[in-house]
Amino acid sequence: MKHLVLMIAGLCGIATANAQINLGKGYLSGSFETNTIYYLNDSKIGSEPTDHFGSNNYLKLDYTLGRFSAGIQADAYLPALLGYELGERPGANHFYLSSKYIQWADTNFEVLVGDIFDQFGNGLVFRSYEDRQLGINTGVEGIRGIYRFGNYVSVKGLYGRPRLYTKYADSWVRGANVNVSLTDIFAMDNVLLTLEGSYLNRHEALDKDAMRDFAALGLTGPDLNLYSGGINFNWKNLFFRGEYAGKGKDLPTAVAEKAVNGRAVLGEIGYSRKGLGVSGTFRMLDNMGTLISLYETGTGNVLNYLPAITRQYTYMLANLNPYQVNVEGELGGQIDVSYRLRNREDRYRYWIFHGNLSNFYTLRREQSQTGNRELLWLDMNFDVERQWNRKWKTTFLFSFQEWNPHHGFKHRTYVSNIFVADVTYKIDHKKSIRAELQYLLSDEYEGDWVAGLVEFGLAPHWSFYISDMYNKDLTKTNYYNGGFSYTKNRTRIQISYGRNRAGYICSGGVCRYSPAYTGCNIAITSSF
Amino acid sequence: MKNLFSLLCCVMVYCGATAQSLPNVRVENADGEVISTSSLTGSKPLIISYWSIACKPCLQELNAINDQLEEWREKADFDVVAVSIDDVRLRATAKARAAAMDWDFICLFDINQSLKRAMNVSQTPQSFVVDTAGNIVFSHSGYTPGSEQLLIDKVIEISKKE
């Protein structure tokens, strides 16, 4: 720990020294984040952690001088918070440089050496990204070059090895992405039309572990090839985006028993004008899951990005049983409609109507023991937001959710009806109070739930809240929480205490399992 | 814990020692075109606010700014840039929602969070005020109703200087 502080102080010192000696017009920027929990024993939820302390910390520094930039990110897990897969892996590092880079970016030319965060197309074949809430960092350590032939054609190439939790995987990826703007080539007016193509190769030796016989599973060589082609169209109020992706024989999950080819289709269509927005997203996945390493497991061992395409809620009970994507085979999508009706004479009076439908089925009949294509997820929901005047705002939400706990293997679904009322009252220009009341009605699984929240805001610095979530039928357990936050410019400190339910924590449609715990949490974010 | 606080203090000490410019990153606009963020600066101060579909306080902040926009623009001339960090999961929804909200903003879609990363945004909501020279002169993290006033106060302050 002493070394950690010294090292980071040293890094800051070097960086600041550069800024102070004024290397041209260079500047330093950075951010710091800590999420630290002291865990308490709580027999009611069966939580008796052996280590009562967990702390995830991130320090990121960037230096920019004209077209040149460089940066580092140091991660410290002291140890990792409960439920973070990276802390549970054997030989996991507690403190390491999770990314570093040097980049030169000209108008038409860019080169980056270091850890690359990028995606090809819609991420069906490749995406490297960081999500601290999930403990995922799949940045590729290597080199990336981009060249743009005016606005007509853009070509990108990269080569490197992806990060797998606290270390790098022993697999290598190389790929290219080409983007062609037909709008610019044919000088089209008012229409945006681009074509995109991607290729990615993953190379990993199949003989690293004598206990694993990949040949018996159908893998014939160390190379996997993925490819995709897409179109992006925008005309007046309409937009459309489509992509087809395919891949060679591969194990789509860490527990797959047979190598198979994979394919995926993604389509997005939308119409928008002032006050109205309609969008639809459709996706088919057929064994498109792609691992960074065939030898490893975990949520972070993913080379492409296949999130759940469903509505993401901000209310506790509506997020209780989130949909998890079925990469082996699913077919479905979502439709979303928003409409805003504003009073012509008073900007502070308006209605917002919003409806959403998301629905997913298994792709193939053989995915289920029934021999039928089974429902994986259905969510029909709507919400109405009413801003009455400068002081009052109310929101009402209803969601009907039906989900299959066996990922379609059995013909069995659970149904939940969720009701939410949300009221905000602005006492004066600094003080406000917000209250939520939620009810989940269900005859299945854990039965009924009720939840409430009260939040008091004292702008611009303070916010206080208390909440409780109670299972009425099965566990009869209260999940209480309370805390406050203080914000000063770019620094925010939040201290809270509470009991947390075991379940899936989702971010961007990707989920990780978190065990139940009771504890005191301090979270600080700061940037400069 | 003691060392953790030392580490934090270390970072804080350096916070005041530097100034940041708006990084030049290529992102998509509401028409689907890829633009460079450097093209946004030069004529007017900017309020840049990050949001996502699943971030309730972000939407609260942007709606509060939009409600007061006419009154604010009587005091200073500026643009509001709303940066969505929704990825492929909710990108189409975010695009349609931005139009439905009737925001009088420049809407950007930072699909792989390149701009978010370059501006060192750890959590949303996070808002910035950028002057006409492209310098980030103010930033605020989180949102409580009323805290949007800090943004316009800063815009008015720099408009007077410029």
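Couple of notes before you dig in:
- In segment A:311-381, GluC sites (Glu not before Pro) in a DSSP loop with at most 11 other beta-carbon atoms within 10 Å: A:Glu345
- Here the Karplus curve 6.51 cos²θ - 1.76 cosθ + 1.60, taken at θ = phi - 60°, turns the phi angles of segment A:412-421 into couplings of 8, 10, 10, 10, 10, 10, 10, 10, 9, 10 Hz, with x standing for Gly and Pro.
- Taking each residue as 0.36 nm, the span from A:Ala216 to A:Thr314 lengthens on full extension beyond its C-alpha to C-alpha distance by 30.7 nm.
- Surface composition of chain A: carbon plus sulfur atoms contribute 59% of the solvent-accessible area (1.4 Å probe, protein chains only, all chains present).
- Descending principal axes extents, segment A:56-202, alpha-carbon based, whole Å: 57, 34, 28
- Estimated [θ] at 222 nm from DSSP helical runs (n ≥ 4, -39500 (n - 2.57)) normalised by residues in chain A, nearest 500: -1500 deg cm²/dmol
- Alpha-carbon gyration tensor eigenvalues x 5, square-rooted, for segment A:462-507, Å: 28, 13, 7
- Rolling a 1.4 Å probe over the protein heavy atoms leaves A:Cys520 with an accessible area of roughly 60 Å².
- For the protein assembly as shown, the Cβ-based charge dipole about the Cα centre amounts to some 780 debye (Lys, Arg positive; Asp, Glu negative; other atoms uncharged).
- Near the amide H of A:Leu291, within less than 5 Å, lie the amide hydrogens of A:Leu303, all on another chain or at least 5 residues away, with H placed in the peptide plane.
- Reciprocal mean inverse distance between Cα atoms of segment A:450-528 - Kirkwood radius, Å: 14.3 Å
- Accessible-area ranking of B:His140, A:His52, largest first, probe 1.4 Å: A:His52, B:His140
- Directionally averaged shadow of the protein assembly as shown, computed from the convex hull of its alpha-carbon atoms, nm²: 29.4 nm²
- Pairs over the 31 Å Cα-Cα cut-off, from the set A:Lys430/B:Lys160; A:Lys236/B:Lys56; A:Lys44/A:Lys488; A:Lys60/A:Lys426; A:Lys472/B:Lys56; A:Lys44/A:Lys391: A:Lys44/A:Lys488; A:Lys60/A:Lys426; A:Lys44/A:Lys391.
- If you sort A:Met316, A:Met380 by accessible surface, 1.4 Å probe, largest first, the order is A:Met380, A:Met316.
- Phi-derived couplings, Karplus 6.51 cos²θ - 1.76 cosθ + 1.60 at θ = phi - 60°, listed residue by residue for segment B:146-151: x, 6, 5, 4, 4, 5 Hz, with x used for Gly and Pro.
- For segment A:185-195, Karplus couplings with θ = phi - 60° (6.51, -1.76, 1.60), whole Hz, Gly/Pro x: 5, 9, 6, 6, 9, 6, 10, 10, 9, 10, 10
- Protein-only accessible surface order, largest first, of A:Arg241, B:Arg73 at 1.4 Å: B:Arg73, A:Arg241
- Remark: relative contact order (segment B:21-161) = 34 percent; criterion is Cα-Cα distance under 8 angstrom and separation of 6 or more residues.
- Chain B: Cα Rg divided by the 2.2 N^0.38 Å rule of thumb: 1.05
- Interface A:B - total buried accessible surface [probe 1.4 Å, Å², rounded to 100]: 6900 Å²
- Potential extension, A:Val423-A:Phe464 segment - 0.36 nm per residue separation minus Cα distance: 13.2 nm
- Contact with the other protein chains removes 50 Å² or more of accessible area, compared with the isolated chain and a 1.4 Å probe, from these residues of segment B:104-152: B:Asn112, B:Arg117, B:Asn120, B:Ser122, B:Gln123, B:Ser141, B:Thr144, B:Pro145.
The values are calculated or read from the model by the stated rules, or taken from the named source; none is laboratory data. Keep in mind the model is a prediction, meaning the values are calculated, not measured. Don't worry about glycine lacking a Cβ; one is built from the backbone with ideal geometry, like all the others, and counts go over all protein chains shown. Accessible surface is based on the protein model in full, side chains and every heavy atom, while ligands, DNA and RNA are left aside. Shrake-Rupley method; radii C 1.70, N 1.55, O 1.52, S 1.80 Å.
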